[in-house]
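> To start, I am sharing the structure in question, which I have written as structure tokens.
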Amino acid sequence: MRDSYAIGTAGVPWGEIERQTWRRAQSIKRSYLSEVVERLAGLEADFKQQTYGNLGYPEGKYPLVGMCSRNWNSALPNVLVTGGVHGYETSGVQGAIRFLAEAASRYTGRINLVVVPCVSPWGYETINRWNPEAVDPNRSFYEGSPARECALLIRWIDSLWCSFLAHFDLHETTDTDNSEFRPALGARDGVEQDVWDIPDGFYCVGDTEAPEAGFQKAVVDAVSQVTHIAAADTSGRLIGVPIEQHGVINYPAGKLGLCAGLTDARYRTTTEVYPDSPRVDDENCIQAQIAAVCGGLDYLLQ
């Protein structure tokens, strides 16, 4: 990790000038409308598309879209799948869409699905971890959230008036976490950041408040049929956190404001795909996300 960042003064948290300087340095690199919204429109035979909010930024306008099972049955368990909380984590977004298109039909009549493929569309278009205000959505899922992306999703999920059995939040851990995003975080907050090796392979993050080890193992076992699982480092950790079992660590999701703590679902996991490994490609990463969701669902439905 580099010792300094191009914006701000070391040890001094950013003010509004630094945040605006950072924002002006970002640029649109891909289209949320064509790569996400238009693809979801083709799935409306089986899923009802709901626009649960609209974000208006100078860079563009973004409808926030969720998909719900068209034949909702209140007697069935409900499952939430989210992706793109960090917009740069491509396989989470495309994995959620491809799960709907390719795998969700096998669960018809067994569960109700709510799927939000891209929580942070500006982040998706600019390939960013943060939203335009330099706020990390995946630390902002709490009452009075400073991130509109999070506040609107919280309000919509609450409006559904249903409980969830499971929540899958689809993410990636990339080399840019160390080369760009953690240095930017250190600069923004004026706090030195710890350094750790980026794990080569898939792993998942359970919630320390509801670890459900068997569920996490089922996710990892399913993904292992598609791609390799990350090994712990020499200290028995992944991204600085002690390993709980092969391919699994736990975080306090609710306390940290993570998306995985959005609901009171008994079973919740955050998937972490490693797209920079020489052993994978984009399609493999997407298939790993699909396998993670299917592996967890198959475990729950046994």
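The values are calculated or read from the model by the stated rules, or taken from the named source; none is laboratory data. On a predicted model such as this, the values are computed, not experimentally measured, just so you know. Every residue, glycine among them, receives a Cβ derived from its backbone with ideal geometry; neighbour counts consider all protein chains shown. These accessible areas exclude ligands, DNA and RNA; they are computed on the full protein's heavy atoms, side chains included. Shrake-Rupley method; radii C 1.70, N 1.55, O 1.52, S 1.80 Å.
> From the residues in the stretch 202-247 that are part of a loop (DSSP other than H, G, I, E, B) and hydrophobic (A, V, I, L, M, F, W, C), which one is surrounded by the most Cβ atoms within 10 Å (Cβ to Cβ)?
So the first thing to find is which residues in the stretch 202-247 are part of a loop (DSSP other than H, G, I, E, B), and the list is 208-209, 211-212, 224-228, 230-236, 239-240, 243-244, 246-247.
Then drop every residue that is not hydrophobic (A, V, I, L, M, F, W, C), which leaves 226, 230-232, 239, 243.
Details: Val226: 18, Ala230: 26, Ala231: 13, Ala232: 16, Ile239: 18, Ile243: 19.
The qualifying residue surrounded by the most Cβ atoms within 10 Å (Cβ to Cβ) is Ala230.
> For Ile229, are the conditions met, namely being over 16 Å from Phe168 (Cβ atoms), aliphatic (A, V, I, L, M) and without any contact (Cβ under 8 Å) to a residue 40 or more places away in the chain?
Numbers: over 16 Å from Phe168 (Cβ atoms): yes; aliphatic (A, V, I, L, M): yes; without any contact (Cβ under 8 Å) to a residue 40 or more places away in the chain: yes.
Yes.
> Sort through Glu59, Glu18, Glu35 and tell me the only one that's open to solvent by less than 80 Å² (accessible area, probe 1.4 Å) and more than 30 Å from Asp158 (Cα to Cα).
Glu18
Quick grid of which residues meet (1) hydroxyl-bearing (Ser, Thr, Tyr); (2) under 20 Å from Ser145 (Cβ atoms); (3) exposed (fewer than 14 other Cβ atoms within 10 Å of the Cβ):
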position: Thr9; (1), (2), (3): yes, no, yes
position: Glu44; (1), (2), (3): no, no, yes
position: Phe47; (1), (2), (3): no, no, no
position: Gly53; (1), (2), (3): no, yes, no
position: Val85; (1), (2), (3): no, yes, no
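> Would you confirm whether any residue within the stretch 140-147 is under 18 Å from Asp46 (Cα atoms), surrounded by fewer than 22 Cβ atoms within 10 Å (Cβ to Cβ) and among the small types (Gly, Ala, Ser)?
no
> Filtering the stretch 248-261 down to residues that are in a strand (DSSP E or B) and among the aliphatic types (A, V, I, L, M), which residue is farthest from Cys150 (Cα to Cα)?
Taking the stretch 248-261 and keeping what is in a strand (DSSP E or B), we get 248-251.
From what's left, among the aliphatic types (A, V, I, L, M): 248-249.
Values: Val248: 26, Ile249: 24 Å.
In this case the residue turns out to be Val248.
> Can you say whether Arg2 is open to solvent by 10 Å² or more (accessible area, probe 1.4 Å), modelled with pLDDT under 95, among the basic types (Lys, Arg) and in a loop (DSSP other than H, G, I, E, B), as far as the supplied structure shows?
For Arg2, the condition - open to solvent by 10 Å² or more (accessible area, probe 1.4 Å), modelled with pLDDT under 95, among the basic types (Lys, Arg) and in a loop (DSSP other than H, G, I, E, B) - is met.
> Looking at (1) under 17 Å from Val81 (Cα atoms); (2) surrounded by fewer than 17 Cβ atoms within 10 Å (Cβ to Cβ), which is the only condition Gln193 fails?
(1) is the only condition that Gln193 fails.
> Being in a loop (DSSP other than H, G, I, E, B) and among the polar types (S, T, N, Q) is the filter; apply it to the stretch 134-173 and report the residue that is nearest to Gly206 (Cα to Cα). I'd like the intermediate steps shown before the answer.
First pass over the stretch 134-173, keeping only residues in a loop (DSSP other than H, G, I, E, B): 134-136, 140-147, 160-165, 173.
Remaining after also requiring among the polar types (S, T, N, Q): 140, 145, 163, 173.
Values: Ser140: 18, Ser145: 22, Ser163: 19, Thr173: 15 Å.
Per the stated criteria, the residue is Thr173.
> Taking the stretch 85-109 on its own, how many of its residues are assigned to a loop (DSSP other than H, G, I, E, B) and not hydrophobic (A, V, I, L, M, F, W, C)? Don't jump to the end; show me each part of the working.
Here is the first cut: in the stretch 85-109, the ones assigned to a loop (DSSP other than H, G, I, E, B) are 85-89, 108-109.
Filter again for not hydrophobic (A, V, I, L, M, F, W, C), leaving 86-89, 108-109.
Residues that pass the stated criteria total 6.
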